Amino acid sequence: QVQLVESGGGLVQAGGSLRLSCAASGRFGMGWFRQAPGKEREFVAAISGSGQRTNYADSAKGRFTISRDNAKNTVYLQMNSLKPEDTAVYYCAARGYGSNSNEYDYWGQGTQVTVSS
């Protein structure tokens, strides 16, 4: 069983930054997804187990950076230039790489990100 522990969410003003962390109980391809109220869960970014490959949703390109520290089995999502439309619960997912949530086997509990205008 893979355990994922997320942290780093919070309230920030538009234009600000947050860094989300997801500590895993192993080394896997990982992804970040988000779900806003009344909307479907959507892909944000993914990183391969080695960290050599990354993939971003168009909404994240140029503003968000996914990275990992394999010594700590932790994946990060650095979010800059945040917008109110980035407000959502952010989930990390493990044992996958693509943009389809069905490709991932394990999910974290989610962390709330709220961006005020």
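The values are calculated or read from the model by the stated rules, or taken from the named source; none is laboratory data. The structure presented is a predicted model; accordingly, all values stated were derived computationally and were not measured. For neighbour counting, all protein chains shown are included, and Cβ atoms are generated from backbone atoms with ideal geometry for every residue, glycine included. Side chains are part of the model used for accessible areas, which takes the heavy atoms of the whole protein and leaves out ligands, DNA and RNA. Shrake-Rupley method; radii C 1.70, N 1.55, O 1.52, S 1.80 Å.
Below, the figures for the structure above:
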read-out: Within a Gaussian network of the chain (alpha carbon springs, distance under 10 Å), most fluctuating of R41, R27, R63; value: R63
read-out: Percent of beta bridges antiparallel (DSSP, the chain, rounded to nearest 5); value: 90
read-out: Over segment 24-79, relative contact order from alpha-carbon pairs under 8 Å, at least 6 apart, %; value: 29
read-out: Centroid-to-centroid separation of segment 1-62 and segment 73-92 [C-alpha atoms, Å]; value: 6
read-out: Relative compactness, the chain, computed as alpha-carbon Rg over 2.2 N^0.38 Å; value: 0.96
read-out: Kirkwood hydrodynamic radius of segment 60-111, Cα pairs, Å; value: 12.5
read-out: Whole-percent carbon and sulfur share, accessible surface of the chain, 1.4 Å; value: 42
read-out: Accessible area in the full protein assembly, largest first, 1.4 Å probe, for K39, K83; value: K39, K83
read-out: Rough spin-label spacing in nm, given labels placed 7 Å along Cα→Cβ, for Q78 and S116; value: 2.6
read-out: Potential extension, E103-D58 segment - 0.36 nm per residue separation minus Cα distance; value: 14.3 nm
read-out: Highest-MSF residue in the chain out of G29, G16, G49 [GNM, Cα springs under 10 Å]; value: G16
read-out: Mean Cα-pair separation over length for the chain, i.e. relative contact order, pairs under 8 Å, 6 or more apart, %; value: 36
read-out: ³J(HN,Hα), Karplus 6.51/-1.76/1.60, whole Hz, each residue of segment 30-36, x for Gly, Pro; value: 9, x, 10, 10, 9, 9, 8
read-out: Residue-normalised accessible area of segment 1-50, expressed per residue, 1.4 Å probe, Å²; value: 50
